[in-house]
There are 2 protein chains.
Amino acid sequence: MAERNYIFDTIRSVFRTYGYSQIETPSMENLSTLLGKYGDEGDKLLYRVLNSGDAFAGVDPEQYRQEDGSLNSKALSLKLCEKGLRYDLTVPFARYVVQHQNEIPFPFKRFQIQPVWRADRPQKGRYREFYQCDVDAIGSKSQLCELELVQIVDKVFRLLDVRVVMKINNRKVLTGLAEIAGFPDKVVDITVAIDKLDKIGLDAVKAEMLEKGLSPQAVQVIEPVLSLSGDTAAKIGVMRGLMNGGSASGVVSETGLKGLDELEELFGYIGAAGISTACEIDLSLARGLNYYTGAIFEVKALDWQIGSICGGGRYDNLTGIFGLPDMSGVGVSFGADRIYDVLKGLGKFPASLSSATTLLFANMGEAAYVLPLASALRDAGIPVEIYPDPSKLKKQFDYAGRKSIPFISINGSEEAAAGTVNIKNLSSGEQRSYGIAETEAIAAFLRG
Amino acid sequence: MAERNYIFDTIRSVFRTYGYSQIETPSMENLSTLLGKYGDEGDKLLYRVLNSGDAFAGVDPEQYRQEDGSLNSKALSLKLCEKGLRYDLTVPFARYVVQHQNEIPFPFKRFQIQPVWRADRPQKGRYREFYQCDVDAIGSKSQLCELELVQIVDKVFRLLDVRVVMKINNRKVLTGLAEIAGFPDKVVDITVAIDKLDKIGLDAVKAEMLEKGLSPQAVQVIEPVLSLSGDTAAKIGVMRGLMNGGSASGVVSETGLKGLDELEELFGYIGAAGISTACEIDLSLARGLNYYTGAIFEVKALDWQIGSICGGGRYDNLTGIFGLPDMSGVGVSFGADRIYDVLKGLGKFPASLSSATTLLFANMGEAAYVLPLASALRDAGIPVEIYPDPSKLKKQFDYAGRKSIPFISINGSEEAAAGTVNIKNLSSGEQRSYGIAETEAIAAFLRG
């Protein structure tokens, strides 16, 4: 919990400096809002909540009896359950924007950190209830929105002290590439093949594209993209040439050129803003090709092997399905569980998180006289406990050990009478004695 | 959200200085854990979650057909739903303690801030999903645990700048009173009658007790309690006399004396610790008489009319129902919604909460040159936005107005060329011009 709060508090503090407001949506949404948004598999993983009151009143299950004698669970459960548990934060956000469109200031910049539920078979690292952490700006097509997300990612991981690379692609460029290759419906196949370049090499990528039904001419058009080199400007320059009729096919793609304009503008802003995170164009980035329409983002840790720890992109029609068309937005989602793994793996959690309590006053039956000192230390921000019972010292030491409390204070009637306290650093063994009123000196010792 | 976070962050910061650990339990519990814990009414208000997969496989609803032709919803839903949504934090906490009893360091001091769900008819101020905020110490019978809760309440409301009174009762004293009156089964009736003293007066209270079946002799025993006066020590002294055989009945109540010992010890600690919140004995406090076994707490705001904003007490058998007997604990629950109402009513929320963003850079098409300044201000902790599109100024001002942004910066090509920014305080109208690198001076102006 302390570790997770640390991650979320850090992320939240950055969102706030960019003017994003936190929203929360109810855990239960109407099933009609959720169904059909996550594919057939998603529909199966939705948790459905039985209608309250007498759920079966007026329902005759026999009407749902099928020819094979079984009940049609799907239809019957729709009758019995109006509500389902949130499956992600995106659909509730879209519903929220449409519902509150008259009260919301657009562009609407919101973040949301809430649990979601999926009726998955539980397995290592996959839970039925887990947190998502999304940040989106909706209602503007400006690349300054993309920039803000890049800045936020940069700042979050600097604060967490994790070196990352941010890979940036643009769906329109991928569309353009498929267009100039003459296979506009093969965007996904082309991108997925390009993505394998590092793993399987140039020849195998070309073979895969042919296997997926591309013509040799199309592969010839795409080949220069596989050997892009140089800095961002150089890469954009080569791509611009290709999109502008300079490829083997000679086809011009307006969409591709628009995508390159967007990338160029975004990288211009990135340069102007002074981002210290490495940001690079990666045309093989294939995340969310079904819904992203512009920028595509993916963040990877440089010093820890794990998938992407943050990702997102621009979408043009999030709210269309709820009746509000032409709402372009861009967002990223922070993968809290993976970020946790990275911080744990790299030992980047602050040491202060692991021990919630700094000092334990052991209880020898004389606890009352340390109460004012304990209060003063707490007022100084130092977590302090007093063992509540005058138990055997071994038990009290055990307690300190189990809670990783680094300092213990053991005082008997002599100290109580003299108005002093002994404070011992349990790892170094150093012990000091103080007057009960020497709060500042004691605080200094406890702070190391 | 910002206001609620402020309340929870404040409370959480206090819990931490006392060494309480935050836990979260899953939203879904087994219905077998939840059913029967909240009475018949509570069982009805539990949200049940349909089993995932094919919930009706192997279920024949006809087996649940009743004589009147309707289906037995209760029995059928038990078959279809294994899980339910958390109804409160207490039962999941008890389940958690029993389940993790071998890993937990006892006394176990935990707090928990999570939503709970109740299938209630929604109405003003009552939601189907709302947050509870509980803090408990379990595994010690020491009055130092009670003291800690008093200290926490004291500190929380001092930080929130709300004057409160903390009323303290003890269930054992009430039991003792019923015992010496000769009506040990009428504890609730006696307490509820005493509670009406201020409203209906002495004679009416006596009449009510007679009406509830107490004898005139019993009322005579109780009468001195109705006119208790003086400080805590004086009240405890009078009560001790009564419990010790000094009442009209002459009966001695060991339980009552034990309760008075506890109260005396607790008030001794309160005096030693130096609590600034007014703490007073209130024998009419009738909260949770069914489960509290020792101290009973209730906190009321002094300057705002609303019910109790925090309350709790000691229970001796929270975990017994899950197979772990003899676990005494004490806890309080902070009523976040009511605390919100009090802070709102008294105007005690910090002004900074209402405007998330301090400065809006308007967009006149020259936004790029302010990017480094915006980043520097954010690094200094000042929330800054850049309007993403070069829209009409009216639209941008509207945006600032709707988000209550107090400062706006409008700069055109001249300012961009000169490397300056204009910053205007929208409430005072004061406008200043700065060099783009004068971060500190600008930050000072923005901070007022």
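The values are calculated or read from the model by the stated rules, or taken from the named source; none is laboratory data. Predicted, not measured: the structure shown is a model, and the values here were computed from it. Using ideal geometry, Cβ is built from the backbone for each residue, glycine included, and neighbour counts are taken over all protein chains shown.
Listed by position, the helices (runs of 4 or more DSSP H) inside the stretch A:100-205 whose residues that are within 30 Å of A:Gln217 (Cα to Cα) number at least 3 are A:171-181, A:187-195, A:197-200. Of all the residues in the stretch A:52-74, those that are buried (at least 21 other Cβ atoms within 10 Å of the Cβ) and more than 26 Å from B:Arg121 (Cβ to Cβ) number 2. Would you be able to say whether some residue in the stretch A:236-257 is buried (at least 19 other Cβ atoms within 10 Å of the Cβ), of a type in the set (Gly, Ala, Ser) and closer than 27 Å to A:Leu160 by Cβ? No, the stretch A:236-257 contains no residue that is buried (at least 19 other Cβ atoms within 10 Å of the Cβ), of a type in the set (Gly, Ala, Ser) and closer than 27 Å to A:Leu160 by Cβ.
Condition check ((1) in contact (Cβ under 8 Å) with a residue 24 or more places away in the chain; (2) within 14 Å of another protein chain (Cβ to nearest Cβ)) across all residues:
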| residue | (1), (2) |
| --- | --- |
| B:Asp341 | yes, no |
| B:Gly345 | yes, no |
| B:Thr357 | yes, yes |
| B:Asn363 | yes, yes |
| B:Ala367 | no, yes |
| B:Pro372 | yes, yes |
| B:Ala376 | yes, yes |
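Kindly establish whether A:Ser77 is small (Gly, Ala, Ser), assigned by TED's automatic domain parsing to the domain that holds A:Tyr20 and surrounded by 20 or more Cβ atoms within 10 Å (Cβ to Cβ). Against the criterion (small (Gly, Ala, Ser), assigned by TED's automatic domain parsing to the domain that holds A:Tyr20 and surrounded by 20 or more Cβ atoms within 10 Å (Cβ to Cβ)), A:Ser77 qualifies.
Rundown of residues vs (1) more than 9 Å from chain A (Cβ to nearest Cβ); (2) free of Cβ contacts under 8 Å to residues at least 60 places away in the same chain; (3) assigned to a strand (DSSP E or B), yes/no style:
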{"site": "B:Tyr6", "(1), (2), (3)": "yes, no, no"}
{"site": "B:Phe15", "(1), (2), (3)": "yes, no, no"}
{"site": "B:Thr25", "(1), (2), (3)": "yes, no, no"}
{"site": "B:Glu29", "(1), (2), (3)": "yes, no, yes"}
{"site": "B:Ser32", "(1), (2), (3)": "yes, yes, no"}
{"site": "B:Phe56", "(1), (2), (3)": "no, yes, no"}
{"site": "B:Glu62", "(1), (2), (3)": "no, yes, no"}
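Applying the selection to the stretch B:65-99, what residues are part of a loop (DSSP other than H, G, I, E, B) and within 11 Å of chain A (Cβ to nearest Cβ)?
Within the stretch B:65-99, the first condition is being part of a loop (DSSP other than H, G, I, E, B), and the residues that meet it are B:66-70, B:72, B:81-82, B:86-89.
Those that are part of a loop (DSSP other than H, G, I, E, B) and within 11 Å of chain A (Cβ to nearest Cβ): B:Gln66, B:Gly69, B:Ser70, B:Asn72, B:Cys81, B:Arg86.
Using the structure shown, decide if B:Ala278 is of a type in the set (A, V, I, L, M), in the same structural domain as B:Val162 (by TED's automatic domain parsing) and either surrounded by fewer than 20 Cβ atoms within 10 Å (Cβ to Cβ) or without any contact (Cβ under 8 Å) to a residue 40 or more places away in the chain (or both). So B:Ala278 fits the description; yes. Counting only residues that are more than 7 Å from every other protein chain (Cβ to nearest Cβ) and hydrophobic (A, V, I, L, M, F, W, C), how many does the stretch B:34-54 have? Residues flagged as more than 7 Å from every other protein chain (Cβ to nearest Cβ) and hydrophobic (A, V, I, L, M, F, W, C) within the stretch B:34-54 amount to 4. Taken as a whole, the stretch B:155-162 holds at least one residue that is surrounded by 23 or more Cβ atoms within 10 Å (Cβ to Cβ), within 14 Å of chain A (Cβ to nearest Cβ) and within 17 Å of B:Cys279 (Cα to Cα).
Name every residue in the stretch B:179-202 that is farther than 23 Å from B:Asp316 by Cβ and buried (at least 19 other Cβ atoms within 10 Å of the Cβ), in order of residue number.
Within the stretch B:179-202, the subset farther than 23 Å from B:Asp316 by Cβ is B:181-182, B:193-202.
Within the stretch B:179-202, B:Ala181, B:Ala193, B:Ile194 meet the criteria.
Filter the stretch A:286-320 for residues that are of a type in the set (A, V, I, L, M) and under 19 Å from A:Pro107 (Cα atoms); which is surrounded by the fewest Cβ atoms within 10 Å (Cβ to Cβ)? Across the stretch A:286-320, the extreme among qualifying residues is A:Leu318. Residue pairs whose Cβ atoms lie under 7 Å apart, sitting 6 or more positions apart in sequence or on different chains, and linking a residue in the stretch A:282-311 that is within 16 Å of A:Lys172 (Cβ to Cβ) to a partner that is part of a loop (DSSP other than H, G, I, E, B) and of a type outside the set (S, T, N, Q), are A:Thr293/A:Asp316; A:Ile296/A:Leu285; A:Ile296/A:Arg287; A:Ile296/A:Gly288. Of everything in the stretch B:125-154 that is surrounded by fewer than 23 Cβ atoms within 10 Å (Cβ to Cβ) and among the acidic types (Asp, Glu), the residue that is nearest to B:Leu89 (Cα to Cα) is B:Asp134. Note on the stretch B:398-434: residues that are over 11 Å from B:Val370 (Cα atoms), exposed (fewer than 15 other Cβ atoms within 10 Å of the Cβ), within 14 Å of chain A (Cβ to nearest Cβ) and in contact (Cβ under 8 Å) with a residue 40 or more places away in the chain total 1. Would you confirm, using the coordinates I've provided, whether B:Leu174 is within 21 Å of B:Ile281 (Cβ to Cβ), within 11 Å of chain A (Cβ to nearest Cβ) and aliphatic (A, V, I, L, M)? It is false that B:Leu174 is within 21 Å of B:Ile281 (Cβ to Cβ), within 11 Å of chain A (Cβ to nearest Cβ) and aliphatic (A, V, I, L, M). Scanning the stretch B:378-392 for residues that are part of a loop (DSSP other than H, G, I, E, B) and either closer than 23 Å to B:Ile436 by Cβ or within 12 Å of chain A (Cβ to nearest Cβ) (or both) yields B:Ala380, B:Gly381, B:Ile382, B:Pro383, B:Tyr387, B:Pro388, B:Asp389, B:Pro390, B:Ser391.
Could you please let me know if A:Lys395 is within 30 Å of A:Val150 (Cα to Cα), in a helix (DSSP H, G or I) and either modelled with pLDDT of 95 or more or within 11 Å of chain B (Cβ to nearest Cβ) (or both)?
When the stated conditions are applied, A:Lys395 does not pass them.
Per the conditions (1) modelled with pLDDT under 95; (2) of a type outside the set (A, V, I, L, M); (3) surrounded by 19 or more Cβ atoms within 10 Å (Cβ to Cβ), the sole criterion not satisfied by A:Gly176 is (1).
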